[in-house]
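These notes are about the structure you will find just below.
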Amino acid sequence: MFQRKDAKTMSDAALEFKQVSKSYGGGGFVLNQFDLTVPKGRIVTLIGPSGCGKTTILKLINRLIEPESGSILLEGTDIGSLDPVELRRNIGYVIQQIGLFPHMTIEDNISLVPRLKGESKKALVGKVEELLRLIGLEPEQYRKRYPHELSGGQQQRIGVARALAANPSIILMDEPFSALDPISRIQLQKELIYLNKQVKKTIVFVTHDIDEALKIADHIILLKDGAIVQAASPEQLLQSPANDFVREFIGADRFRAEEVQRTAHDVMEDAVSIGQQASIADVLEQLGRNQISNLVVTSQENSVVGIIGFEQLRYSNESAAHSTRVKQITKDVPTVQKHTPLDKLSGLLAEHPIIPVVDESHKLCGIVTQAGFIKKIGLSRERGEVVL
Amino acid sequence: MSLFWETIQSDWPKIVQKTLEHVELSFISIILACLIAIPTGIYMTTHKRLANSVITVVSVIQTIPSLALFGFMIPLLGIGKTPAIVALTLYALLPILQNTYSGILSVSPNLIEAGTGMGMTRRQILWMVQLPIARSFILAGIRLVTVQTISLATIATYIAAGGLGDIITRGMSALNTNMILTGAIPVSLLVIAANILLYGLNRLLTPKGLRQQKNTTG
């Protein structure tokens, strides 16, 4: 993967699996001669179908499961040589079912690991406050509460804070958000990304949800039957899936959506235009008839000259209305083409109420308006995307 | 009615003495039963094969009629307080054992996994997680046993262990209803008092986070 600078590579990796094997019962291997390198300070997601070994990998790291052979290095130290209890206290652990202790206050839950390490509760008051602020919960309001008084999303925030409390360099998350409702899930995903920009931990995140993986990961490790199928950044994974399995797992639909990026063509409306020579009376008549506030002014060759609307006409005087032709045209109007991507278009729309769409020879094909854009996007977008 | 008051007045020192004997018998038996059943119950949660056979044996004891159990004690331990306490203790085992066992097993495996994964030792999981959460189960077992033991201790009189049963049997043989009542009413009062006491204790000891809902999954 990297150049041959073994010593350097070792110190850069937060975690390494070397030839790790694990089998269950008489059956085949869950993992066979498995190698893995996790870089420091990144969110790495392990993803794959059920039984691919992702949770096994996670539990091997904190020794809830012991491997049959091979070694696992945590920042260069073989974890097999460490006391499992000590090891676990230095690794953050967040599980799907949250696992807050119902008989302990939020404060006691968060401060648990440092207390296990022998720190006094009083010395940890400040730490608890800091962590509660970090996850966006007001310390005074929440510190003395009990887990059942909180929503699922808040409980899992506490779960994350608890994992951070002992200041571990690595945090393991086993499908932490999958039991939450969609709104909380998206919220927590966003928060996790934001959070890790501040705390810069190595996070090993197990999920079965490819959307989640693509959203939060710096690095995705796609597994199947205990072997890595592809390890790549989300962008690389989308752009160059290694094989059909990857393509299928990510979802064929997504590739179509990625290939055919949405463009101006999708939000375009028919244009109402008027000739360059028209009088103000003509313009007003056109605007009134079509119940619109702007017209595209075109030349005889149907190429775009500019925009005219009520905004511009307001400044014209009455006497000029009948005789002269239109002079109040706004000429420096940006135009777009049918294949202009939507993100660029939305930027332009913030400045201009109407944007003409033209073909290669600058001939008018249609227009995009703010109202039309919002309406068409709103119709086709999923709720989840809008929340984001 | 006036005769009843007279009986109480004339027998007052005796009633007090027998009540104290009764409390002593019950109290020692319950404490012993707790000392045996709670650790056994905890041990059984990690040795589930053993659990079934232990619970079966203890259940069999429960099926022996109480009078017969006291009778069995005579050839083994003679008469007096000791055999009575042994018999009462044996009777008290099952509810405490059963409730300790199922109380600890009711603690969600997720919490155990969370605890283990965070670096708690087994002992810490037991004391910081399992026992606090199972506490109300165990106390419910003890409450049941207290009521049962105070009632049963009345029969201990047949093996000369004393207690309020003495007054009741004397009243029965003399066909004296008032005397029977002066023995029976203190038994009932003891049961009610112990029940209220333990209920209060349970409220006091149950952590606030577990009071509103019995949610052990978190």
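Values in this text are rule-based calculations from the coordinates and carry no lab data. Note that the structure is predicted; figures quoted are calculated from it, not measured. FYI the Cβ positions are ideal-geometry reconstructions off the backbone, even for glycines, and counts take in every protein chain you see.
See the values below:
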| quantity | calculated |
| --- | --- |
| Positive-end residue, chain A charge dipole about Cα centroid, Cβ charges, pick of A:G25, A:V94, A:A217 | A:V94 |
| Cα-based shape type of the stretch A:6-259, given that a ≥ b ≥ c are square roots of the gyration tensor eigenvalues and the cut on a/c is 1.5 | oblate |
| GNM flexibility winner over chain A from A:V113, A:V229, A:V272 (Cα, springs under 10 Å) | A:V272 |
| FRET efficiency, 1/(1 + (r/R0)^6) with R0 56 Å, evaluated for A:Q198 and A:E301 via beta carbons | 0.45 |
| Those lysines that a straight Cα-Cα span of less than 20 Å connects to A:K376, excepting residues fewer than 8 apart in one chain | A:K338, A:K344 |
| Cross-link table A:K54/A:K190; A:K117/A:K144; A:K197/A:K375; A:K54/A:K201; A:K18/A:K54, entries beyond 26 Å C-alpha to C-alpha | A:K197/A:K375 |
| FRET efficiency, 1/(1 + (r/R0)^6) with R0 25 Å, evaluated for A:K331 and A:R289 via beta carbons | 0.55 |
| Where a label projected 7 Å from the Cα of B:R49 along Cα→Cβ would reach, residues of the stretch B:88-103 with amide N under 14 Å | none |
| Extended-chain gain in nm, criterion 0.36 nm per residue less alpha-carbon gap, A:K122 and A:K18 | 33.2 nm |
| For peptides A:232-245, A:32-45, sequence by mean Cβ density within 10 Å, most packed first | A:32-45, A:232-245 |
| Fluctuation leader among B:T157, B:T19, B:T46 - chain B, Gaussian network, Cα springs under 10 angstrom | B:T46 |
| Chain B, relative contact order in percent, only Cα pairs under 8 angstrom and at least six apart counted | 28 percent |
| Environment charge of A:R63, counting only residues whose C-beta is closer than 15 Å and scoring Lys/Arg +1, Asp/Glu -1 | -2 |
| Estimated 222 nm signal from helices in the protein assembly as shown, with DSSP H stretches of n ≥ 4 weighted -39500 (n - 2.57), rounded to 500 | -16500 deg cm²/dmol |
| Relative contact order (%) - criterion: Cα under 8 Å, at least six apart; region: chain A | 15 percent |
| FRET E, pair B:A174, B:V57, Förster distance 41 Å, beta-carbon r, rounded to 0.05 | 0.50 |
